[in-house]
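A.B. asks: Below is a structure I'd like to ask you about.
Quick note: the coordinates plus some simple rules give every number you see, no bench work behind them. Nothing here was measured: the structure is a model prediction, and the numbers come from that model. Positions of Cβ are backbone-derived with ideal geometry, glycine not excepted, and every protein chain shown enters the neighbour counts.
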C-alpha cells in the first residue's frame with residue numbers, strides 16, 4: 001500500500017538509471033540519512049557511540065570492501081583483517097612521519113598501501129579459484145600479521161609493540177587520540193563511510209561492476225565477450241583492499257585508539273566475512289544490515305537480561321552471545337542464502353503488489 | 001589471393017568479399033588431431049554453417065575463430081591481414097561475438113545487465129569517472145543503453161528486461177544470449193548450436209531472428225547446428241566436417257548431393 005510503484009513512469013533512460021528509481025526508496029534513504037547525521041548524534045550516549053554507532057559503520061565499510069571482492073568479483077578472500085592492518089599501520093606511519101598531515105588525508109592515503117599489497121596477493125587469483133584462492137589469501141593473513149609483529153619500524157620501535165594513536169587536531173578540534181570526543185569521531189567516520197558507499201554503489205552499477213559480476217558468474221564467457229580477466233580481478237583486489245585499508249585506519253584511529261598486531265588476526269577476517277555473508281554477498285546495503293546484526297546483537301544480549309532483572313553472569317552472557325550469533329548465522333544461511341539484503345528485496349517485491357498479489 | 005567479388009545468393013542478396021579465411025588449420029590435443037588441415041572462408045554478409053556428426057571438430061573450429069584455442073598449424077586471415085595469436089578478449093574487441101552451446105549467461109545479473117555486458121568492448125570511461133557517475137561515464141552508460149534497448153526491442157524481450165537471468169526458461173535464455181552477442185555490434189557473429197534443445201516453435205522464432213539479424217544489420221554469421229532442416233533453409237553456404245576433415249563445402253544443394261557427405265551422415269559399408 002505504501003510501497004507501490006504504479007504511476008511512477010520513466011520517460012528517459014536517465015530516469016530509469018537513477019540511483020533510486022522508486023520514489024519510496026529515496027524517501028526511506030533520506031530518513032535513514034537524517035537519523036544518521038542528526039538524530040543519532042543528538043541523542044546518543046558515549047556508550048552508544050562506542051559500542052554501536054562507530055563500530056557498525058566501520059565494520060560495514062570493511063565488509064563492503066570484502067563484498068566488492070567476494071560478492072561482486074567472486075574472489076574468495078580470508079585476508080581482510082590483514083589488509084585492514086596494512087591500512088592502520090600505514091596510517092600510523094604517515095601520521096608519525098608527517099605530523100603536519102591532515103588526518104583524514106592520511107586515512108584516505110593509507111588505503112593506497114593496502115591496495116598495493118592487495119594487488120600483490122591478488123596475483124594468484126589469475127591462476128587459482130575458489131577455495132584454493134582462499135588459502136592463498138590466508139597466507140597473506142598470516143604473513144602480514146607476522147610482519148606487523150616482527151618489523152619494529154612499523155610501530156616506531158616502541159617497547160609495547162603496539163601502535164598508539166596520538167592526539168591529532170584538525171581545525172581546532174581533537175579528532176583522534178584520547179582527547180577526541182566520540183561525536184567528532186562519529187562524524188568523521190560517517191562522512192568517510194557515506195562518501196565511500198556512494199562511490200561503491202556507482203562502481204558496482206556501472207561498467208566496472210558488470211565486468212566484475214561477469215567474471216564472478218562465468219569467467220570463460222566473460223573473457224570471450226571481451227573482458228580482460230586479469231584486469232577485472234586485479235581492479236577488484238585493488239579497490240576492495242583500498243576500502244578495507246581505509247576501514248582499518250578508521251578502525252584504529254577513530255575507534256580503538258590503539259592496536260596490537262593480533263588485533264588483525266583471522267578472527268577479525270571471519271567477523272567481516274560473516275557480516276558480508278549474512279548481509280548478502282553482492283550487495284551494498286547488506287553490509288550495513290549484517291554489521292548491525294553482528295555488532296548490535298551482543299550489545300542487545302548484554303542489556304536485555306539486566307533490563308529484565310534476570311541475574312546472569314557476564315561470562316554466561318558471553319557464551320550465550322556466541323551460541324546465538326552462531327545459530328543465527330546458520331538460520332539465515334538456510335532461510336536465505338543470499339543474505340538479509342535478499343530478504344529486504346523480497347519484501348519490497350511483495351509490497352509492490354500488496355495486497356493483491358495476482 | 002584477395003577476392004572481393006562476392007556472389008549473389010538464391011534469394012538475391014549480394015554477398016561481399018572475404019571477411020575471414022581459415023588457411024590449413026590444424027589443431028592437435030597431444031596426439032589427437034581434432035582438426036586436420038581445414039581451409040574455408042567466410043564472406044561478408046553471408047550465413048555460413050558448419051555441420052558434421054558429433055565429434056567432427058565443429059566446436060573446436062568455432063573456438064579457434066573466437067580465440068579460445070590457438071591452432072597448432074595454419075593461420076587465420078581476418079579483414080585482409082593475418083591474425084596474430086591473441087587472447088579471447090582481444091579477439092572479441094576486434095568484432096567477433098559468439099553464443100555458446102551450453103548457455104553461458106551471467107546468472108546473477110538481470111537481462112538488461114547481461115546485454116549491457118555485450119557493450120563492454122565499446123565502453124572506455126575511467127574508474128574515477130564511473131565512481132562519481134558523472135561526465136563521461138554517465139553519458140557512455142546512457143548512449144550504450146540506447147543501443148542495448150534497440151537490441152532488446154529487436155529480439156522482443158522487453159518484458160523481461162529487469163528479470164534476473166537465472167529465473168528465465170531455456171528458450172528465452174538462448175535469446176538473451178543472442179542479444180548479448182548482438183549488443184557488441186559484431187562484424188562476425190558465431191552461433192554454437194543456437195537451436196539445441198528447443199521445440200519447433202522456439203526454433204522457428206530463433207531462425208527468424210537469425211535471418212532478421214543478417215538482413216537488418218548485415219551481420220556475417222557463422223553457425224553450428226545439428227538440425228539439418230534449419231541449416232539448409234538458413235545458410236548460404238555450408239562446410240561439412242567429419243573426423244576433423246573437411247568433406248564438403250558449398251551451397252546447401254551442392255552439399256546435399258555430395259556423396260562424401262551422404263556417406264558421413266548415413267554411414268557406408270566398408
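A.B. asks: Could you work out, residue by residue across B:140-151, how many beta carbons of other chains sit within 10 Å of that residue's beta carbon, and then give the average as an integer? It would help to have the intermediate numbers written out before the result.
C.D. replies: Values: counts 2, 6, 5, 1, 2, 5, 1, 0, 1, 2, 0, 0.
Mean partner-chain Cβ count within 10 Å for B:140-151: 2.
A.B. asks: Another question about this same structure. Could you work out the relative contact order of region B:107-181, using alpha carbon pairs under 8 angstrom and six or more residues apart, expressed as a whole percent?
C.D. replies: On the way: 58 pairs, mean separation 40.5, N = 75.
It rounds to 54 percent for region B:107-181.
A.B. asks: With an 8 Å Cα cut-off and a minimum separation of 6 or more residues, compute the relative contact order for region A:47-353 in percent. Present the calculation step by step, with values, prior to reporting the outcome.
C.D. replies: On the way: 477 pairs, mean separation 101.4, N = 307.
Reported relative contact order: 33 percent.
A.B. asks: Using the Kirkwood radius over Cα pairs, work out the Stokes-Einstein diffusion coefficient for region B:29-100 at 25 °C and 0.890 mPa s, in µm²/s as a whole number. Each step should come with its number before you reach the end.
C.D. replies: Details: Rh = 13.4 Å.
Answer from the Stokes-Einstein relation: 183 µm²/s.
A.B. asks: Using just the Cα positions, wrap region B:208-257 in a convex hull and report its mean projected area in square nanometres, one decimal place. Could the numbers behind the result be given before it?
C.D. replies: Working: hull surface 15.1 nm².
So the Cα hull casts an average projection of 3.8 nm².
A.B. asks: If a/c stays under 1.5 just call it rounded; otherwise compare a/b with b/c (prolate if a/b is bigger, oblate if not). Do that for region B:122-254, with a ≥ b ≥ c from the square roots of the Cα gyration tensor eigenvalues.
C.D. replies: Values: a/c = 2.59, a/b = 1.88, b/c = 1.37.
Prolate shape, in that a/c is at least 1.5 and a/b is the bigger ratio.
A.B. asks: Thinking of region A:206-280 as a set of Cα atoms, what percent of all their pairs are more than 13 Å apart? Write down the numbers at each step before the final one.
C.D. replies: Values: 2059 of 2775 pairs.
The proportion of pairs with Cα distances above 13 Å equals 74 percent.
A.B. asks: Starting from the eigenvalues of the Cα gyration tensor, five times each then square-rooted, give me the equivalent ellipsoid semi-axes of region B:107-181, largest first, whole Å. Kindly include the intermediate steps, with their values, before the conclusion.
C.D. replies: Working: eigenvalues 121, 30, 19 Å².
Ellipsoid half-lengths, sorted descending, are 25, 12, 10 Å.
A.B. asks: Semi-axes of the equivalent ellipsoid of region A:37-129: what are they in whole Å, largest first, if each equals the square root of 5 times a C-alpha gyration tensor eigenvalue? Each step should come with its number before you reach the end.
C.D. replies: Details: eigenvalues 163, 85, 18 Å².
Listed largest to smallest, the semi-axes of region A:37-129 are 29, 21, 9 Å.
A.B. asks: Provide B:241, A:84 in ascending order of the number of other Cβ atoms located within 10 Å of each residue's Cβ, fewest first.
C.D. replies: Working: B:241 26, A:84 33.
Sorted ascending by nearby Cβ count, the order is B:241, A:84.
A.B. asks: Mind checking the angle between helix B:170-183 and chain B's longest principal axis? C-alpha axes, 0 to 90 degrees, to the nearest 10.
C.D. replies: That works out to roughly 80 degrees.
A.B. asks: Using only the Cα atoms of region A:47-353, what do you get for the radius of gyration and for Dmax, in Å?
C.D. replies: So, for region A:47-353, Rg and Dmax equal 19.6, 64 Å respectively.
A.B. asks: Seen from all sides and averaged, what is the projected area of the convex hull of the Cα atoms in region A:253-340, in nm²? Before the final figure, lay out each step's value.
C.D. replies: Numbers: hull surface 29.1 nm².
That works out to 7.3 nm².
A.B. asks: Tell me, what does the Kirkwood hydrodynamic radius of region A:189-327 come to in angstroms if you use every pair of distinct C-alpha atoms? Please list the in-between numbers first.
C.D. replies: Details: mean 1/r = 0.0564 Å⁻¹.
For region A:189-327, inverting the mean 1/r across all distinct Cα pairs yields 17.7 Å.
A.B. asks: Also, quick follow-up: Using only DSSP helix segments of four residues or longer, with each worth -39500 (n - 2.57), what per-residue ellipticity at 222 nm results for the protein assembly as shown after dividing by its residue count and rounding to 500? Present the calculation step by step, with values, prior to reporting the outcome.
C.D. replies: On the way: 25 runs with 328 residues, N = 628.
That calculation yields -16500 deg cm²/dmol at 222 nm.
A.B. asks: Then there is this: Using only Cα atoms, what is the ratio of the radius of gyration of region A:1-80 to 2.2 N^0.38 Å?
C.D. replies: Normalised Rg, Cα atoms only: 1.53.
A.B. asks: On to the next question. Give me B:180, B:237, A:256 sorted ascending by neighbouring Cβ count inside 10 Å, so fewest comes first. Could you put the intermediate results ahead of the total?
C.D. replies: Working: B:180 29, B:237 21, A:256 17.
Least to most surrounded, the residues fall as A:256, B:237, B:180.
A.B. asks: Over the protein assembly as shown, what lengths in whole Å, largest first, do the semi-axes of the equivalent ellipsoid take, defined as the square roots of 5 times the eigenvalues of the alpha-carbon gyration tensor?
C.D. replies: Working: eigenvalues 609, 147, 96 Å².
Computed over the protein assembly as shown, the values are 55, 27, 22 Å.
A.B. asks: Then there is this: Take the alpha carbon gyration tensor of chain B, find the square roots of its eigenvalues, order them as a ≥ b ≥ c, and report rounded if a/c is under 1.5; if not, report prolate when a/b exceeds b/c, else oblate. Could you put the intermediate results ahead of the total?
C.D. replies: Numbers: a/c = 1.80, a/b = 1.53, b/c = 1.18.
In terms of gyration-tensor shape, prolate.
A.B. asks: Other chains near A:216-222: what is the mean number of their Cβ atoms within 10 Å of each residue's Cβ?
C.D. replies: Values: counts 4, 10, 7, 1, 4, 11, 7.
Mean shielding count: 6.
A.B. asks: Express the relative contact order of chain B as a whole percentage, based on alpha carbon pairs under 8 Å and six or more residues apart in sequence. Please list the in-between numbers first.
C.D. replies: Working: 457 pairs, mean separation 67.8, N = 270.
Reported as a whole number, the value is 25 percent.
A.B. asks: Another question, then. Over all directions, how big on average is the projection of the convex hull of the alpha-carbon atoms in region B:1-153, in square nanometres? Could you put the intermediate results ahead of the total?
C.D. replies: Working: hull surface 51.2 nm².
Quarter of the Cα hull surface area: 12.8 nm².
A.B. asks: I've got another one for you. Report, in whole Å, the centroid distance computed from the Cα atoms of region A:116-190 and region A:1-75.
C.D. replies: 26 Å
A.B. asks: Residue by residue through B:102-109, how many Cβ atoms from other chains fall within 10 Å of the Cβ on average? Could you put the intermediate results ahead of the total?
C.D. replies: Numbers: counts 0, 2, 8, 4, 10, 4, 11, 7.
Taking the mean over all residues of the peptide, I get 6.
A.B. asks: Of the candidates A:45, A:283, A:181, which one comes out as most mobile in a Gaussian network treatment of chain A with C-alpha springs shorter than 10 Å?
C.D. replies: Maximum among the listed residues: A:45.
A.B. asks: Turning to a different aspect of this structure: So in the protein assembly as shown, what percent of DSSP beta bridges are antiparallel if you round to the nearest 5? Please list the in-between numbers first.
C.D. replies: On the way: 28 of 44 bridges.
Expressed as a percentage, antiparallel bridges in the protein assembly as shown total about 65.
A.B. asks: Let me make sure I get this right: for region A:108-263, a, b and c are the square roots of the gyration tensor eigenvalues over alpha carbons, sorted descending. Under 1.5 in a/c it's rounded, otherwise prolate if a/b > b/c, else oblate. Which is it?
C.D. replies: Numbers: a/c = 3.44, a/b = 1.57, b/c = 2.19.
It is oblate, given that a/c is not under 1.5 and a/b is not larger than b/c.
A.B. asks: Here's another thing I want to ask about it. Within a 10 angstrom radius of the beta carbon, how do A:91, A:200 rank from fewest other beta carbons to most?
C.D. replies: On the way: A:91 31, A:200 23.
So the ranking, lowest neighbour count to highest, is A:200, A:91.
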